1. Once both labels are modelled 7 Å past Cα along the beta-carbon direction, what's the GLU29-VAL315 spacing in nm?
2. Could you list CYS368, CYS98, CYS180 in order of exposure, starting from the residue whose Cβ has the fewest other Cβ atoms within 10 Å?
3. Please give me the summed charge of the neighbours of ARG268: other residues whose Cβ is under 14 Å from its Cβ, Lys and Arg +1, Asp and Glu -1.
4. How many nm is it between the label spots at THR449 and VAL46, if each spot is 7 Å from the Cα in line with the beta carbon?
5. Please turn the phi angles of the range 241-248 into ³J(HN,Hα) values with the Karplus equation 6.51 cos²θ - 1.76 cosθ + 1.60 (θ = phi - 60°), one per residue in order, whole Hz, x for glycine and proline.
6. Provide the gained length on full extension for the span PHE467 to PHE323, in nm with one decimal, where the gain is 0.36 nm per separating residue minus the Cα-Cα distance.
7. Enumerate the calculated ³J(HN,Hα) couplings along the range 338-351 in order (Karplus 6.51 cos²θ - 1.76 cosθ + 1.60, θ = phi - 60°), each rounded to whole Hz, writing x wherever the residue is Gly or Pro.
8. Roughly how many nanometres apart are two label points built 7 Å out from the Cα toward the Cβ at ASP141 and ASP494?
Amino acid sequence: MEPLNPESDLVRNAEERGSKSLSKTITRECFVGFLKSNLLVLLMVVGVLVGVAIGVGLNSMDPKLTQREIVYLRFPGELFLQSMKMLLIPIVVSSLLCATAEIDIRSSGKIGLRALTYYISTLVLASLLGIILVLTVRPGDRTGGRPNLASDIPSPSSNPGLAFMDLFRNMVPDNLVEVCFKSKKTREVIGDGETTIGNSSSFSSVLNAVKNVSDEDAKKRGQVKLTVENVDGINMMGLVVASILFGCVTSASGNEAKPFLDFFKALRVVSFKLVAIFIWYSPVGIAFLIASKLAEMDDPTKTFKDLAIFTVTVVVGLFVHGFIVLSLLYLVFLRKNPLKFLVGMIPAILFAFGSESSSATLPVTIKCLEEKNGVNPRVTKLIASVGATVNMDGTSLYFTMMAIFIAQLNGIPLSAGQLVSISILSLSIAMGAAGVPGTGVIYMIMILTSMGLPTDDISTLLAVDWFLARCRTSVNILGDGFGAAVIEHFSRHDLRKMAQREITVTANSEKDLYEEETEQRIVPV
């Protein structure tokens, strides 16, 4: 009997079968892993498609659904929005306070201050770019918009000075409990106080029109009084400022304030665990919200066009800020070609687009910065970690555009003071927003509620938010990378001193250890 030849057909066939079996196993494991990591996103996409199909089908019925039937249809989606609103204040307060308190400026010194300065500057640039784009393109007005709802919602004050006074008055609340459901508004009261200028209802607007001449006479005679009143609605600006102030003081207090910080850390953990539970209901909620919204529309095609124009505008804005504005800053500050840096950041950008989480992308970001772009590890460990929490350029740009877009959809004019408020709120919330997938809807509700804008249109935005969330996360990661490079450039002298100090400390330690060992070897006479 001949010995078995390793090259025989039998052995080769066995090896091929084993190789194919292993390949199938790896492919199956990869596919299952992909499904597990992206199951929520896939379910949300399915929810959007089902909601659109049901809504369009019901809209085409004759006769259309009654208002009572639409309320029933919307109910499952309303439960989803209510669950998100329930977590609004705990998440905002705990996230902002902890994010501020965990930034230890004293230990990071000048490098930390440069990082905060750079990040806040780019956040402001992103928010301003969002305002310019959405006011220029006006995606909410491109197809005629909807019936003007300004009469049902408090209009901005006719006096810009009063609007800015209200802005700063709300930033310094006098009651941290009342701030959760009341905000301050300045009203101009004519005569006996029955007619109000600025923040007026539709009925009082009619009275103003009828009494226009007498009101003008009253103004000339100085019979106009200014009153500051509490109106319903969360004073989100006050919550944001108070949370940041408490966070700064907590960081400066050190161990004395540790129990206080531990409480809010625990609150943040519990809140986000609740979000992780509630978010699995989002595909069902989104489906019913979209279906009810489309079912009551006169012409859903206009809404789809508005949404398409808005999506393109946001993507263009994210591209302009992420790849052009940040590249120009890199070129101006470092005088280096930004294309090479961009190529080195591609793995982190792709990972961020897939994971929708800045925190989860942090290891990949650090690896790209250190290995592909040669950024000092001392900078990456500090700056990338801080950036994953604070630097949210894409998020700031999107929130700003989202609020103005919804105002345009509903025909609500925004004053300069309100635009400033939206910008400050957007960048403040973006700084404290945790990189947890699915929490964007909470921050969207928060901004709209604070500005007195309708939250119903969030159901329309949810149809594309899963895609835009990945785009803005990618821009956030790119901003972290550019920020690390720029901050390293401005901190190069400090980094040399830090390296020299480490060498000196190491040399002194080795010297002391050598002298100690030498003394131990000496035998006393």
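1. So the two model labels end up 3.6 nm from each other.
2. Exposure proxy ranking, most exposed first: CYS180, CYS98, CYS368.
3. Overall, the nearby charge balance is 0.
4. 3.0 nm
5. Once rounded to whole Hz, the list reads 5, 4, 5, 5, 5, 4, x, 4.
6. 50.0 nm
7. Values per residue, Gly and Pro as x: x, 4, 4, 5, 4, 4, x, 8, 4, x, 5, 5, 5, 5 Hz.
8. 4.5 nm
A short reminder: the numbers here are calculations on the coordinates, not readings from a lab. All figures in this text were calculated on a predicted structure; none of them were measured in a lab. So basically every Cβ, Gly included, is an ideal-geometry build from the backbone, and we count neighbours across all protein chains shown.
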